[in-house]
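Heads up: the structure comes next, in structure tokens.
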Amino acid sequence: MHLVIGGNGFLGSHLVRRLLDDGQQVRVLTRASSDLRTLGGLDVEHVTGDLFDAAAVDAAMDGCATVYHCAVDTRAWLTDPAPLYRTNVEALRSVLDVAARRDLNRFVFTSTLATIGRGDRRSVVDETQAFNWPDSAPHYVRARVAGETLALSYAADGRVPVTAMCVANTYGSGDWAPTPHGAFVAAAALGKLPFTVRGMRTESVGIDDAAAALALAAAHGRVGERYIVAERYLDLGEVVAAAASAVDRDPPRLVLHKPTLYLAGAAGSAFAALTGRPQKLSLDSVRLMHAFPPMRHAKAERELGWQPRPVLDAIADGARFWRDLAASRRR
């Protein structure tokens, strides 16, 4: 039995489908308030509970050899960072404490490429590059770094067999929320994006390939190690163009560059400070669009046998998902 904590999320739900396709039995742990449409029609066992509820987490782990932790708060735009630390650090600690009392084969932890350090401007980095920019990192990044450090400390102490997966921006179908980067795909596919963006580059990966990497890590990953899960270093303008092309739309003619986006982010942050209402477009969210260097994913290929397909194909899948969803709603 495999347990997926946060199995209703974008990555978690694709992981559930991957495990089912592999013939595995799957249990998911979700909150009572969780949106479960991503799991509709799937033959999975459900356990409802909060991550701080040790009894519920323990019941969910009962009989499971492998646990995948996909419960993450990605709201980088929050003006109050407390929820980021609560979910990404303290709730994780609560889950790990329960896992430490279980005899697990593997605890696959969903981390982020944000925990990989920066090299010089010409460097392509890998998993050996320790995080090295705490003073300028936004709270979202600091919370994710703290979470990964915590998880790997349980592996170092021999308490939980943790393998950390440093996942890039994920694209593909079923991004219902959507994710902040997926929102550009949705808007481009629906013809609702008034501008495109250039000069904002980050690592990206297809959602099905990210799920495959997590499944492979359970079988082949080394305890205490982290693996970069990324396929290509993409400019956001390339993402928008691929999404528009997939549904036979022209990309927006208006092009915004980095300085303009920073002005917009500053305006969003100022508005949030005045009103107390968080804005998705903020200085922190703009910084995260280009904060990370290009990265090598050779370790995942070599040790896990991971072979991702081009992420541009996954972006096209995401665009067609939004086109088809809009068409079904019009019927």
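Under the criterion of Cα pairs below 8 Å and six or more residues apart, the relative contact order for the chain equals 19 percent.
Counting neighbouring Cβ atoms within 10 Å and putting the fewest first, the residues Phe271, Phe109, Phe10 line up as Phe271, Phe10, Phe109.
Listed by Cβ neighbour count within 10 Å, with the fewest neighbours leading, Thr260, Thr128 appear as Thr128, Thr260. Enter the Cα centre distance for the pair the range 18-37 and the range 189-262, rounded to the nearest angstrom. Between the Cα centre of the range 18-37 and that of the range 189-262, the gap is 25 Å. Among rounded, prolate and oblate, which fits the range 240-298 when a ≥ b ≥ c are the square roots of the eigenvalues of its C-alpha gyration tensor, a/c under 1.5 means rounded, and a/b larger than b/c means prolate? Here the range 240-298 falls in the oblate category. For the range 173-304, a Kirkwood radius taken over Cα pairs fed into Stokes-Einstein (25 °C, viscosity 0.890 mPa s) yields D = 148 µm²/s.
Normalised by the number of residues in the range 115-163, the mean separation of alpha-carbon contacts (under 8 Å, six or more apart) gives a relative contact order of 27 percent.
Using the Cα coordinates of the range 1-113, the gyration tensor eigenvalues translate into equivalent-ellipsoid semi-axes of 21, 17, 13 Å, sorted from longest to shortest. Over the residues of the chain, the helix contribution to mean residue ellipticity at 222 nm works out to -11500 deg cm²/dmol, using -39500 (n - 2.57) for each DSSP H run of at least 4. Sequence-distant contacts, meaning Cα pairs under 8 Å at least 6 residues apart, place the relative contact order of the range 57-123 at 48 percent.
Rg and Dmax of the chain, based on Cα coordinates, read 19.3, 57 Å.
Partners of Lys299 within straight-line reach, counting aspartates and glutamates whose Cα lies under 14 Å from its Cα and excluding those fewer than 8 residues away in the same chain: Asp126, Glu127, Glu225, Glu231.
Partners of Lys258 within straight-line reach, counting lysines whose Cα lies under 26 Å from its Cα and excluding those fewer than 8 residues away in the same chain: Lys192, Lys280. With each label modelled as a point 7 angstrom along the Cα→C-beta vector, the Arg309-Ala177 pair spans 2.4 nm.
Each value in this text was obtained by applying a stated rule to the coordinates, not by laboratory testing. These numbers were taken from a predicted model, which means no experiment stands behind them. Note that we place each Cβ from the backbone using ideal geometry, even for glycine, and neighbour counts take in every protein chain shown.
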